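Notes follow the structure.
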Amino acid sequence: MEKNIKKLISKMTLDEKASLSGGGSFWRTKGFPKYGIPEMMLTDGPHGLRKQDETPDHLGMNESIPSTCFPTAAGLACSWNRGLIKEVGTAIGEEAQTEGVQFVLGPGANIKRSPLCGRNFEYYSEDPYLSSQLAANHIQGIQSQGISASLKHFAVNNQETNRFNIDAVVDERTLREIYLASFEGAVIEGRPWTVMAAYNKINGVFCSQNKRLLTDILRKEWGFKGFVVSDWFAVSERDKALEAGLDLEMPISAGVGKSKIIDAIKKGSLSETTLDASIERILRVIFKISDLKRNGISYNKKNHHSLAKKAALESMVLLKNEDKVLPLSKKGKIAIIGPFAKKPRYQGAGSSRINPNQLDIPFDQIKKLAPDAEITYSQGYSLENSDQEVNDGLISEAVEVSQKSDVTVIFAGLPEMYDMEGRDRKDLKLPSLQNTLIDQVCKVQKKTVVVLTNGSAVEMPWINDVKGVFESYLGGEAMADALADLLFGENNPSGKLAETFPKQLNQTPSFINFPGEKDKVEYREGLFVGYRHYDKIGIEPLFPFGYGLSYTDFKYSNIQVDKRKLLDTQELQVSIKVKNIGKRTGKEIVQLYVKENNSSVIRPLKELKAFKKVELEPDEEKSVRFTLGKRAFAYYDVSLHDWHVKSGKFEILVGKSSRDILLNETISVESTVKLKKKYTLDSTIADVMHEPAAQAIVSMIISSTERSNTDSLGIDRESVLGGIKLSSLVAISQGKYTQMKLNNLIKSLNKN
Ligand code: GLC
């Protein structure tokens, strides 16, 4: 195919090639029938198909055709279920094939630097390993249907404030270990056919014009073979973007982009070879997809709706269940409070907005599942009317209804404008009316359960007053069906948080530097994002990363490693046993973290490096096995420009959450990387004392200067003397050890 593509390109005029590197219309590439180049359609993603036939927009303002609305990434991530995520991607790919769409713009793999980011509902996690694993599976699912995913927004797009111009200033190690790592794993394991460049700058350079990002890292280091598409209207200097490795400018630029390319080539600042190589990348994907096109297929809406329910069931997190208030009995008096029970929050606002095939209503699903219960609804608060009197009335009615019930379920959460593209939240609070309602109801009803529907972490000032909390996130079109099943125990909750819920905003790592000032945001918290921050600083979160309850319980035992010493080129096999010690079947997410003991570089206390989800019948026990490679132990060494493992001891920590480690083993890893030593006059005695060639000389010089045993002064000779620079040895030896000898010593040390 490549030969034919090169031949085809050789027939195209400069104008035709430059036209192909930009959109043909808002959602389509440009077709060239005379060359057999089909027009292709791109639409959003990520949690469903948002195909617009009329009035296109990229902000979620205009309608799209009906499709299955799955839980958004924030919720899906809580399933920690790679296979489930792949199933969802496959279904979306199938719907794209059915609707004649060739590219689905997603998944979003940006890291949740702050819970305030308005698009966190569209992203998976604060942890790059979890995020990259789930994104990779979403990509594989979509592409299994012959449809291209478009991994976005590459990269460091972690806020909505001033997103078109903000410059994310981030140090290299943080960039590599946190913000790029989420994309790296998704590119290498998911192998997306396209990647979408983000709007923002990274360290002063727009992503869409960032050669180091789009060519050196994405292509040369990670082996990305597809093409890079811009975010919509993200490109300003089209010729520079092309040079950097941005292949397709979307949507349309009214000829401006094309002219910039042609002018640059004509004046010699851009080579036509660069354009040809870019067009080749685009055509390679277009022809691949076109070969995989399946005409006349349709998807089964009911099956996809059931999958949406299955995904929602595993995406919801049981955060509190005091006195086993849950599951609810199907008998007795149940009060259902809150407008979200009738008008559910099931997705975020913006370009990802889906027009659902079928939207279930929580109140209806609850009534359906408990026909013999006496279920009473009360609004509790108004989303539209902030009038105090009106809401006082609603609250007092809800209190009255609750007082007469056996249990109350309050639907609370973030109204649509809190979880939306284009704006960030200012705080982590629920609307105050909701907090007041919950407080008032708890005063009269001890058995109060709160169901939250929100796209990102919220504060819960009433957490000690309620008996149960379900975090259902934005659970898609079937969230109500799933929630009813979980509330009544038809299904056992298994979700675990993919982001930390902090107690309050000022404890979050980016609190001081979010969303930055004017056009710059500094990632001064560095590596310490999410649990990496709370662990290191020793702050107790409201609910930790990886936390989630079940209606059963699990016992962990018998951690085994296949070796206690390994080279950084070897793999470590870890196994543990998990047993279901409760009375009902359940799924458990086993998490494995790695900690470096006494590291000589600054590192988080522990980092997630593996996870598995297992289903167990009551009393059933299974072995869970993990394989750890070099990256499980490595940090990014900026002087080496590579991932590096320093020889030393590491803890393998296995647990139910980041704060509930149940098993651990200590192992040693030995580095096989010969670090290039570079001694200079500024090197210290401590730097060279392990070198035999230096030991004798340095000890002789030092001992000749000692008048008394400094030990008697209680000085720690090692560290005091160790800090002396080699350049001082000539002076310390009063010239006996000459500069020439010192220079020769350093030369010989650097030689071997
Ligand atoms: C939007 C979003 C991006 C989306 C694109 C097309 O502005 O940033 O996620 O895929 O434009 O709608």
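The values are calculated or read from the model by the stated rules, or taken from the named source; none is laboratory data. The structure displayed is predicted, hence computed values, not measured ones. For neighbour counting, all protein chains shown are included, and Cβ atoms are generated from backbone atoms with ideal geometry for every residue, glycine included. Accessible surface areas use protein heavy atoms only, side chains included; no ligands, DNA or RNA. Shrake-Rupley method; radii C 1.70, N 1.55, O 1.52, S 1.80 Å.
Summary of computed values
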{"quantity": "Per residue value of the accessible surface for the stretch 92-251 (all protein chains in place, 1.4 Å probe), Å²", "calculated": "21 Å²"}
{"quantity": "Accessible carbon and sulfur surface of the chain relative to its total accessible area, %, 1.4 Å", "calculated": "51 percent"}
{"quantity": "Part-to-part distance (alpha-carbon centres) for the stretch 619-639 and the stretch 45-121, which is given in Å", "calculated": "29 Å"}
{"quantity": "Residue-normalised accessible area of the stretch 554-670, expressed per residue, 1.4 Å probe, Å²", "calculated": "45 Å²"}
{"quantity": "Per residue accessible area in Å² of the stretch 400-532, where ligands, DNA and RNA are left out and the probe is 1.4 Å", "calculated": "33 Å²"}
{"quantity": "Net charge, Arg524 excluded, C-beta distance under 15 Å - Lys, Arg +1, Asp, Glu -1", "calculated": "-1"}
{"quantity": "Cut-off under 5 Å, modelled amide H: who pairs with Ser150 long-range", "calculated": "Val104, Gly106"}
{"quantity": "Cα gyration tensor category, rounded, prolate or oblate, for the stretch 554-670 with a/c compared to 1.5", "calculated": "prolate"}
{"quantity": "Extension gain from Val673 to Ser647, taking 0.36 nm per residue of separation minus the Cα-Cα distance", "calculated": "8.4 nm"}
{"quantity": "Positive-end residue, the chain charge dipole about Cα centroid, Cβ charges, pick of Val450, Leu383, Thr680", "calculated": "Thr680"}
{"quantity": "Charge dipole of the chain about the Cα centre (unit charges at C-beta), most positive-ward option of Ala234, Leu749, Phe511", "calculated": "Leu749"}
{"quantity": "Shape call, the stretch 208-255: gyration tensor on alpha carbons, a/c limit 1.5", "calculated": "prolate"}
{"quantity": "Antiparallel content of DSSP bridges confined to the chain, in %, to 5", "calculated": "55 percent"}
{"quantity": "Positive-end extreme of charge dipole, the stretch 7-74 - chosen from Gly24, Leu8, Leu59 (charges on Cβ)", "calculated": "Leu8"}
{"quantity": "Cut-off 13 Å between beta-carbons: net charge of the residues surrounding Leu749, Lys and Arg +1, Asp and Glu -1", "calculated": "+4"}
{"quantity": "Beta bridges per DSSP with both ends in the stretch 302-537, % antiparallel, nearest 5", "calculated": "20 percent"}
{"quantity": "Within the stretch 28-164: Cβ-based charge dipole about Cα centre, in debye rounded to nearest 20 (Lys, Arg +1; Asp, Glu -1)", "calculated": "420 debye"}
{"quantity": "Excluding exposed DSSP-loop GluC sites (Glu not before Pro) (at most 11 other C-beta within 10 Å), longest clean stretch of the chain", "calculated": "55-383"}
{"quantity": "Between the stretch 277-303 and the stretch 504-582, the alpha-carbon center distance in angstrom", "calculated": "38 Å"}
{"quantity": "Rounded to the nearest 20 debye, dipole of the chain from Cβ charges on Lys, Arg, Asp, Glu", "calculated": "2300 debye"}
{"quantity": "Sum of side-chain charges, Lys555 neighbourhood, beta-carbon under 9 Å (Lys, Arg +1; Asp, Glu -1)", "calculated": "0"}
